[in-house]
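Structure record follows, encoded as structure tokens.
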Amino acid sequence: MSDQAGGTSFTHTDLPQVGKRVLRIGVAGNYGLQTSDIQHAADQGVGFWLWSPHFKKVTPVLKDLLRRERERHVVAAYTGTYGTIITAGQVRKGTEKALRLLGIDQIDVLLVGWLGRVSRFTPRIQDELVRLQQEGKVKALGTSIHDRVRAGKLARDSILDLFMIRYNAKHPGAEQDIFPYLEQRQPSVIAYTATSWRQLLKPIKGLKMPAWPGSPAANGRPPPLTPQLCYRFCLTSPHVNVVLTGPKTRDQLDENLGALEAGALSSDEEAWVREYGRRVKAKKRLPYI
Ligand SMILES: NC(=O)c1ccc[n+]([C@@H]2O[C@H](COP(=O)([O-])OP(=O)(O)OC[C@H]3O[C@@H](n4cnc5c(N)ncnc54)[C@H](OP(=O)(O)O)[C@@H]3O)[C@@H](O)[C@H]2O)c1
């Protein structure tokens, strides 16, 4: 995929906090991809990888990619530490284990994965994270977080350089809760749940929509959304650096990467997709978010 510009183009983005430029679709290999599919994704230009010690099929090939082309790949790593009561010691142990498993001496982005509504981000934990950064074991600090209001506050003022957040046509609330707070420190944004746990991909009984922009009514265009429309919706936002995809198969992976070739949604298409998400939300509310 060609990439001429700096900054964020439709296909590529700079991640200044890690000093690398990557394709704007990142891959998570924990929903079914095989080891060889990861190499295939890398061959298509993928350079942003979500990883945890539990992603066992991914680890050998990612380790190999990192050994061969360290400068091209960004690993955003969970430490394998979850729950609400986390200690600074667990953070260090998890980080050192991740470095060992991946055979690298620095993690590009260490993801704090436990910052839910009730969990703590204590000064001791923050000090440990900064120490890991100062020791060079971690380049940038990030979080994978569902609590958008907390994410907005942390985006404004915290040690975190990158926010992995829920953002899709059904749940576009980051536009109010997070995006307005990026300006001051300019942390990077990684979107997940583009398909809203697949809800945007499945037909919903009784949900009616006007015709797809520029099409006659019954021509087989969505609803529901196609996977590419889900990812293109995220990529069309100027605030999103990378959208994650968690394909189950290589065919899904290839289809989803095709979103980059398809380009940004037009304003009419974006409005349609947004309206579809709004109607899905009215029918399928999730009580826990
Ligand atoms: N979702 C969360 O709340 C959350 C939170 C933190 C971290 N994460 C992590 O973020 C990563 C990405 O997760 P995500 O939720 O953002 O994944 P996603 O890409 O929105 O959805 C993945 C699922 O969508 C379906 N799908 C994707 N492409 C498709 C295609 N071309 N055709 C048909 N179906 C397709 C597949 O479902 P089928 O299995 O039905 O084929 C696939 O398993 C994962 O590592 C996840 O663990 C997610």
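Where a number appears in this text, it was derived from the coordinates with a stated rule and is not lab data. The structure presented is a predicted model; accordingly, all values stated were derived computationally and were not measured. In this analysis, Cβ positions are derived from the backbone assuming ideal geometry, glycine residues included, and neighbour counts consider all displayed protein chains.
What to note about this one:
- Tail weight of P(r) past 21 Å, computed on alpha-carbon pairs of region 1-139, percent: 44
- One Cα centroid belongs to region 85-112, the other to region 141-168; the line between them spans 19 Å.
- Considering only alpha-carbon pairs that sit under 8 angstrom and 6 or more positions apart, the relative contact order computed for the chain is 18 percent.
- Paramagnetic reach from Asp251 (point 7 Å along Cα→Cβ, amide N under 13 Å) across region 31-45: none
- Each residue, Asp105 and Ser9, gets one label point 7 Å from its Cα in the Cβ direction; the gap between the two is 3.4 nm.
- With the highest mean first, a sort of the peptides 181-187, 59-65, 167-173 on other beta-carbon atoms found within 10 angstrom per residue produces 167-173, 59-65, 181-187.
- Each residue of region 172-177 was assigned a 3J(HN,Hα) from its phi angle through the Karplus expression (A = 6.51, B = -1.76, C = 1.60, θ = phi - 60°), giving x, x, 4, 4, 9, 8 Hz with x at Gly and Pro.
- For peptides 100-110, 6-16, sequence by mean Cβ density within 10 Å, most packed first: 100-110, 6-16
- Label point of Lys57 set 7 angstrom out along Cα-Cβ; within region 229-271, amide nitrogens under 14 Å from it belong to 246-254.
- Built amide H within the under 5 Å cut-off of Gly26, gap 5+: Val243, Leu244, Thr245
- Pairs of alpha carbons in the chain whose separation is greater than 25 Å (percent): 47
- Cα shape, region 85-223, gyration tensor, a/c 1.5 rule: prolate
- Antiparallel bridges, percent of DSSP beta bridges restricted to the chain (to nearest 5): 15
- Cα-centred dipole magnitude for the chain, charges only on beta-carbon of K, R (+1) and D, E (-1), debye, nearest 20: 1220
- Backbone HN-Hα couplings from phi across region 121-138 [Karplus 6.51/-1.76/1.60, Hz, Gly and Pro as x]: 10, 6, x, 5, 5, 5, 4, 5, 4, 5, 4, 4, 5, 5, 6, x, 7, 9
- Charge dipole (the chain, unit charges on Cβ, about Cα centre) - positive-most of Gln134, Gly258, Thr35: Thr35
- Karplus-based coupling profile of region 29-40, in residue order and whole Hz: x, 9, 9, x, 4, 8, 3, 5, 5, 5, 4, 4, with θ = phi - 60° in 6.51 cos²θ - 1.76 cosθ + 1.60 and x standing for Gly or Pro.
- Rounded to the nearest 20 debye, dipole of region 83-168 from Cβ charges on Lys, Arg, Asp, Glu: 320
- Ignoring aspartates and glutamates fewer than eight residues from Lys284 along the same chain, the ones with Cα atoms less than 18 angstrom from its Cα are Glu275.
- Taking amide H as placed 1.01 Å from N in the peptide plane, Ala140 has its amide H under 5 Å from the amide H of Val109, Leu110, each at least 5 places away in sequence or on another chain.
- Among Tyr167, Gln17, Gly6 - extreme Cα towards positive end, dipole of the chain, charges at beta-carbon: Tyr167
- Size of charge dipole - region 142-200 - debye, nearest 20, with Cβ of Lys, Arg +1 and Asp, Glu -1, no other charges: 200
- Inter-part distance, region 247-287 to region 172-234, computed on C-alpha centroids, equals 4 Å.
- Degrees between helix 250-262 axis and first principal axis of the chain (Cα, 0 to 90, nearest 10): 70
- Taking every DSSP helix (H) stretch of at least 4 residues in the chain, weighting each as -39,500 (n - 2.57) and dividing the sum by the residue count yields a mean residue ellipticity at 222 nm of -10500 deg cm²/dmol.
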